[in-house]
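**Student:** Here you go, one structure.
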Amino acid sequence: MIRKRGISAIVAATVLTGTVLVSTPSWGSSTTTLTIWENYGTEQNAVALKNLATAFTAKNPGIKINVVSEPASNYFSLLQSRAITRNGPDMAVMWTGLYSLQYSSFLDNLGGSGGVPAADLAKMEGLSWMSPQLKGASNPLVMPLETQFYIGFYNKKLFAKAGIKSVPTDWNQLYAACTALKKIGVTPFTYGNGGQALGAEFYPWYDMSYMMIGNYSVNQWKGLYNGSIKWTAPANVTALANWAKLKSMGCTNPDVLTKTNNIQDFETGKAAMLMDGTWDTQQYTKAMGSNVAAFVPPFSVKPIRGVVQFPGDGISAMSYSQHKADDMKFLAFMTTPQAAAIINAAGLIPDIKGTTTSNPVNQQMLNFVTKQHMAVYPMLDNVTQVNVVNAGSTELPTVLSGQTSPSAALSKMAQVLNAYPASQRGSQYAG
């Protein structure tokens, strides 16, 4: 998912947290109020969800939806504790991939009898990444809100000023672009903790996803999950060494671990490139107009031929909800053209098959797949065990900063993977 940190298993500390509980009928009327929890903060996803709820109620006046914003820091432990006591929300934001499997014990299956109609489910992309064992598409645990890209953004005017004719597609071209950009007095690639909605820190899994795209096919990624491809493999050590070279050669700002205004530097033309995702596209197009464009991060020895396009989160129905039919009605509404228009208006990319987007930079990302025929990959952190993700979140940034060697960081991640029981690093994805 987007900008995430590892999930805390703390339950006791969250049980007492006050919030809106399960939906209730409005006495003296036939109106039902459903509660949806979200952890989007101020992101455009929050805008889209609230507008979806408003539009749904306009079409279904007997069903009101109360969207409740919960703190990101303990969102999942709070959701889990309320599932134990069965007094949580009717629906809630849920991350996809292994996260949906981890919490599947209290998530309703959206397919089958009483679920979202099969014809509506068939409209959505990527449902296999939120289904049992992360395969199949008829019984998802999550209804995607949007399709998301981990992606690079660049300043077209700075590239032109530096004489860069085309975006780089491999490490050597990226190093050459960095050298050209330094000559015009700008930071080539800015890193920092700005924009990290779920924690003020440098999050390395956007970059790591593309390094592993450079090394492996999407089917081979399961080898990183089950250990048949070692995190410490020579190709991975080399990829991290090439990444660390960005800072050592002066391609990045010196304070990659602590900088807080990296986004502002990019928007104001002090930096030429930035790693981010579709949830911030609208911010950049508003600030920079036609001067901003997307590029596929070229973290590869060979020309990069894959891109992260993934429905990283969506809405799940809680298995204990007393209003399953109404829950499913809302989730089915999320598959409609009206919902797609609402999601697009929020600056996001609808997950509905064949949908385009009015934001030209978001459409450029879709074109990487539909016109340039790049291979589609999931977000690596959504298909990697959460403790391994947490270890990487700690170790990998210090590789870029030059404080930790690639082999040492990858060894820590391998140790964490090996501590998992065989059932959670086997031939099938498991929560």
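**Student:** With the structure loaded, tell me whether Thr85 is surrounded by fewer than 19 Cβ atoms within 10 Å (Cβ to Cβ), touching a helix residue (DSSP H, G or I) at 6+ places or on another chain (Cβ under 8 Å) and modelled with pLDDT of 95 or more or whether it fails that test.
**Tutor:** So Thr85 passes the test.
**Student:** Yes or no: region 245-252 includes at least one residue that is at pLDDT 95 or above, within 23 Å of Ser427 (Cα to Cα) and either not in a loop (DSSP other than H, G, I, E, B) or not β-branched (Val, Ile, Thr) (or both).
**Tutor:** Taking every residue of region 245-252 in turn, none turns out to be at pLDDT 95 or above, within 23 Å of Ser427 (Cα to Cα) and either not in a loop (DSSP other than H, G, I, E, B) or not β-branched (Val, Ile, Thr) (or both).
**Student:** In region 369-395, which residues are of a type in the set (Val, Ile, Thr), farther than 13 Å from Pro204 by Cα and assigned to a helix (DSSP H, G or I)?
**Tutor:** Val369, Thr370, Val386
**Student:** As an exercise: evaluate Ala177 against (1) at pLDDT below 95; (2) among the small types (Gly, Ala, Ser); (3) touching a strand residue (DSSP E or B) at 6+ places or on another chain (Cβ under 8 Å) and give the number of the one condition it does not meet.
**Tutor:** Only one criterion is unmet by Ala177, namely (1).
**Student:** Across region 135-146, what is the total count of residues that are of a type in the set (A, V, I, L, M) and surrounded by fewer than 22 Cβ atoms within 10 Å (Cβ to Cβ)?
**Tutor:** The number of residues fulfilling the criteria is 1.
**Student:** Pick out the one residue from Ser411, Ser393, Ser401, Ser407 that is assigned by TED's automatic domain parsing to the domain that holds Phe295, under 18 Å from the mean Cα position of the chain (by Cα) and of a type in the set (S, T, N, Q).
**Tutor:** Step by step, each of Ser411, Ser393, Ser401, Ser407 is checked, and only Ser393 is assigned by TED's automatic domain parsing to the domain that holds Phe295, under 18 Å from the mean Cα position of the chain (by Cα) and of a type in the set (S, T, N, Q).
**Student:** In the set Phe159, Phe149, which member is surrounded by 18 or more Cβ atoms within 10 Å (Cβ to Cβ), modelled with pLDDT of 95 or more and assigned to a helix (DSSP H, G or I)?
**Tutor:** After ruling out the rest, the residue left standing is Phe159.
**Student:** Still on this model: With the requirement that a residue be touching a strand residue (DSSP E or B) at 6+ places or on another chain (Cβ under 7 Å) and either surrounded by fewer than 18 Cβ atoms within 10 Å (Cβ to Cβ) or among the small types (Gly, Ala, Ser) (or both), what does region 275-297 give you?
**Tutor:** Selection gives Gly277, Asn291, Ala293, Ala294.
**Student:** Continuing with this model, one more query. When you go through (1) under 30 Å from Tyr225 (Cα atoms); (2) surrounded by fewer than 23 Cβ atoms within 10 Å (Cβ to Cβ) one by one for Leu78, which number turns out not to apply?
**Tutor:** In the conditions (1) under 30 Å from Tyr225 (Cα atoms); (2) surrounded by fewer than 23 Cβ atoms within 10 Å (Cβ to Cβ), Leu78 misses (2) alone.
**Student:** With respect to Ala294, determine if the residue is in a strand (DSSP E or B), in contact with a Leu (Cβ under 8 Å, 6 or more places away or on another chain), modelled with pLDDT of 95 or more and not acidic (Asp, Glu).
**Tutor:** So Ala294 does not fit the description; no.
**Student:** Does region 325-357 hold any residues that are more than 22 Å from Lys286 (Cα to Cα), without any contact (Cβ under 8 Å) to a residue 24 or more places away in the chain and in a helix (DSSP H, G or I), and which are they?
**Tutor:** Matches in region 325-357: Pro337 only.
**Student:** Please go through region 230-241 and give me each residue that is touching a Leu at 6+ places or on another chain (Cβ under 9 Å) and under 15 Å from Asp170 (Cα atoms), ordered by number.
**Tutor:** Listed by number, the list holds a single entry, Leu240.
**Student:** Further question on the same structure: Residues of region 405-431 being under 10 Å from Val388 (Cβ atoms), touching a helix residue (DSSP H, G or I) at 6+ places or on another chain (Cβ under 6 Å) and assigned to a loop (DSSP other than H, G, I, E, B), which ones?
**Tutor:** Passing the criteria: only Arg425.
**Student:** Please state which of the following conditions Gly354 fails to meet, knowing it meets all the rest: (1) buried (at least 20 other Cβ atoms within 10 Å of the Cβ); (2) modelled with pLDDT under 95.
**Tutor:** Of everything listed in (1) buried (at least 20 other Cβ atoms within 10 Å of the Cβ); (2) modelled with pLDDT under 95, Gly354 misses just condition (1).
**Student:** Let me confirm something: among Ser300, Ser316, which residue is over 20 Å from the mean Cα position of the chain (by Cα) and not in a helix (DSSP H, G or I)?
**Tutor:** Ser300
**Student:** With the requirement that a residue be under 24 Å from the mean Cα position of the chain (by Cα) and surrounded by 23 or more Cβ atoms within 10 Å (Cβ to Cβ), what does region 172-193 give you?
**Tutor:** Of everything in region 172-193, those that are under 24 Å from the mean Cα position of the chain (by Cα) and surrounded by 23 or more Cβ atoms within 10 Å (Cβ to Cβ) turn out to be Phe189, Thr190, Tyr191, Gly192.
**Student:** Can you say whether Gly223 is without any contact (Cβ under 8 Å) to a residue 12 or more places away in the chain, farther than 21 Å from Lys161 by Cα and part of a helix (DSSP H, G or I), as far as the supplied structure shows?
**Tutor:** Taking the combined requirement at face value, the residue satisfies it.
The values are calculated or read from the model by the stated rules, or taken from the named source; none is laboratory data. Keep in mind the model is a prediction, meaning the values are calculated, not measured. Please note: Cβ atoms are built from the backbone with ideal geometry, for glycine as well, and neighbour counts cover all protein chains shown.
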